[in-house]
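Down below is the structure, laid out as structure tokens.
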Amino acid sequence: MISKTCKYGIRAAVFVASKATGGIKLGVKDIAREIDAPEAFTAKILQTLNKHRIITSLKGPYGGFYIEEFQLDQPVINIVNAIDGMTVFWECGLGLKQCSNTHPCPMHDKFKVAREALRSVFQETTIRHLAGELINGKAFLNNL
């Protein structure tokens with residue numbers, strides 16, 4: 001349902017957040033390597049996240065990407081909205097333009113439940129929570 005770009009965006013925000021307590025500013029190369037994404041692509045994603053104030057960047061020799069305390073409590077849905085928009089939670093599972101409650105596709109009722117569950121998870125889960133899972137070693141961002 002969400003794009004690959006959005007998945008990389010979530011990974012990037014969580015990785016940056018996992019370094020928040022140390023006050024570490026990360027470069028694009030480090031973030032791209034950790035989230036297993038192309039560097040140029042990662043840079044564009046990070047610019048989008050910065051533009052929407054999900055993460056912060058600082059230019060210069062001591063610069064990089066970091067996350068401020070107030071940004072940690074944002075729900076993950078903010079990242080989805082910044083990258084994919086909210087239409088991912090309303091569109092038809094089969095890609096039909098006219099799918100609705102009054103004119104449903106064959107997947108409408110089942111897909112609607114899945115969409116709403118996913119939206120709820122993204123709304124209720126904060127960046128801080130996901131970063132905590134990473135810090136505690138309960139979760140990982142990269143492949144083995």
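A few remarks follow.
- Annotation: of all residues in the range 12-37 being farther than 16 Å from L134 by Cβ and surrounded by fewer than 12 Cβ atoms within 10 Å (Cβ to Cβ), the one that is modelled with the lowest pLDDT is G23.
- Any hit, the range 51-62, residues being under 18 Å from L130 (Cα atoms), surrounded by fewer than 22 Cβ atoms within 10 Å (Cβ to Cβ) and among the hydrophobic types (A, V, I, L, M, F, W, C): no
- Yes/no for L130 being farther than 22 Å from I45 by Cα and out of contact with any Phe, Trp or Tyr (no Cβ under 8 Å at 6 or more places or on another chain): no
- For M107, the stated conditions hold: it is surrounded by fewer than 16 Cβ atoms within 10 Å (Cβ to Cβ) and more than 15 Å from C6 (Cβ to Cβ).
- Yes/no for G64 being in contact with a Lys or Arg (Cβ under 6 Å, 6 or more places away or on another chain) and farther than 30 Å from H108 by Cβ: yes
- Scanning the range 129-140 for residues that are buried (at least 17 other Cβ atoms within 10 Å of the Cβ) and closer than 30 Å to E91 by Cα gives L130, A131.
- The requirement of being modelled with pLDDT under 95, out of contact with any strand residue (DSSP E or B) (no Cβ under 7 Å at 6 or more places or on another chain) and either hydrophobic (A, V, I, L, M, F, W, C) or farther than 20 Å from K7 by Cβ (or both) is fulfilled somewhere in the range 52-59, by at least one residue.
- Within the range 1-44, the residues that satisfy the criterion of being part of a helix (DSSP H, G or I), of a type in the set (V, I, T) and under 30 Å from E116 (Cα atoms) are T5, I10, V14, V16, I35, T42.
The values are calculated or read from the model by the stated rules, or taken from the named source; none is laboratory data. Everything numeric here is computed off the predicted structure, so don't read it as measured data. Don't worry about glycine lacking a Cβ; one is built from the backbone with ideal geometry, like all the others, and counts go over all protein chains shown.
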